[in-house]
Amino acid sequence: MHRLLHFLMRTLRLQLCLLLGLGFGVPEGRALSLYTNHPTVAEALTSAAEEISELAKDPLRLAPRVAVVDLVERLHRERNPLSTILEERLAQMLEERLGQQAVPFIKLEQLRAEWNSAFPGRSSQQLVEDLAGQAEADWMITGTHHQEEGVLKISLQLYELATESVLWQTLLEAPVARVETKPLETPVVALEPAETTEAAPFAEAVDTAPEATVEPAQNFGFVAEGIDEPLEEEIEDPLAAEFAGESFAEPQQLALVEPPQAEVRLSPEPVIPEGMRLIPGGEFIMGSSTGRADETPDHRVEVRPFLLGQHEVTNAEYARCDLCERGTGGFDTTAFDQPAVYVDWKNAQAYCKFRGYRLPTEVEWEYAARSGSPGPDAFGGDSVLLGQYAWFAENTRDAGRWSAQLVGQKLPNAFALHDLHGNVLEWVADYYAPDYFSHLGLPDNPTGPDAPERADYPLRVARGGAWDGLDGAG
């Protein structure tokens, strides 16, 4: 694994500008509506329908036909009964405003049934594009939805099929009716702030717990002090008051666990928060015996279990932090599911603090990236397989894709993690010291140097690869 040091930070404004590329185009002079809040779901959809209709009525647009296709549940990336409700309501609102420019919902349902009968098992993306094409649409609206703490969140994107560009996008939020859920029959793991000495970090408070008790992390890197408790069961429709009593089954997201007192409750299996993956503890050989000086020598390292985000932090996720800043440049990203870029280390830390997480250590990052493979990567060092797991120069820049790509499109590694090879670099928590690992014997979960080599030039470590081929994809 290469240790990429070209993007280590000195001041707050140093940015990862060489890693990243252009995202989808956005109409000039038109701002994105990030996280617009509405009192009801109906009003949220109405605001979206009005904005889309305004674009479609522009005389310069030549009366495009608009289709609402697949508003999937975000976690499982599949349509569910709520998807049908939202798609139908939005399609009806567009039909009221655009007339024949809007593809009727019933037409799409008929095409969807025909497609599923003819091509069972085809991927969602192929289905979306084919549906829009068969409906003779010029523009298609896709997106995701999920519920969080009594709020329905809907992400919408408007695509122009001919140019494959994003014309408009928004994130809508609206409260839904409170949903009562059955209590869990068995206790769940809840990691709570422990009473430790000032010299002992929180992680030490759970050292004696069984392996099911884990220390969560996410790889822009975040470690949670509490965890979500997802529960999936039949529930009453939280939109019944707005949408004529239709009912559906929806995974219910419970609140983040952040009790004030020290306590560790155990269960046979931990409950994994949405978007996180459990990384089992173990030992691995870190570094290289033949690499650069700061990679040598190879050495055995023990890692405790932790949770890691399944992909890089996206623009949609980063936009939630009002105090977090990011730069801009010629190779920026704009789509909600593209990774957040032009973010320096201090702002990465600020986002972690906002979420109640932390950056992973360099050891945790490399252990997760190798995912049990004895080689320098997750796929046995076979360069033929690299393109199946990573975005790098050959399949982005050299293929005319001047952009960091949407997260989660490449194959996951053995730990179900995406994009640790290529796409964009990830910050880790460690200060950079070229000889740090050469002084270690058999460390237990090392966290890197306690201080930078130079206080006036405090370098941090960034790992991973870049879509434009900087230092390869590993």
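Laboratory data are not the source of any read-out in this text; all were calculated from the coordinates shown. The shown structure was predicted, so the numbers you read here are calculated from the model rather than taken from an experiment. Cβ placement follows ideal geometry from the backbone for every residue including glycine, while neighbour counts extend to all protein chains displayed.
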Interchain or sequence-distant (5+) residues whose placed amide H lies within less than 5 Å of the amide H of Ile279 are Phe306, Leu307, Leu308
The FRET efficiency for Val151 and Ala350, from their Cβ-Cβ distance with R0 = 30 Å and rounded to 0.05, is 0.85
Once both label points are put 7 Å beyond Cα along the C-beta direction, the Leu62-Thr334 separation in nm becomes 2.1
To the nearest 0.05, the calculated FRET efficiency linking Glu109 and Ala42 through their beta-carbon distance, R0 being 25 Å, is 0.75
Kirkwood Rh for region 40-174 from C-alpha pairs, in Å, is 14.9
Of 54-66, 333-345, ordering from highest average Cβ density within 10 Å down gives 333-345, 54-66
Quick calc, Glu394 & Glu50: beta-carbon distance into FRET formula, R0 45 Å, rounding 0.05, result 0.55
Karplus-derived 3J(HN,Hα) from phi for region 389-402 (6.51 cos²θ - 1.76 cosθ + 1.60, θ = phi - 60°), whole Hz, x at Gly and Pro, runs 10, 9, 9, 9, 4, 5, 9, 10, 4, 5, 9, x, 9, 8
In the structure shown, of Lys57/Lys346; Lys107/Lys153; Lys57/Lys107, the pairs separated by more than 32 angstrom at the C-alpha atoms are Lys57/Lys346
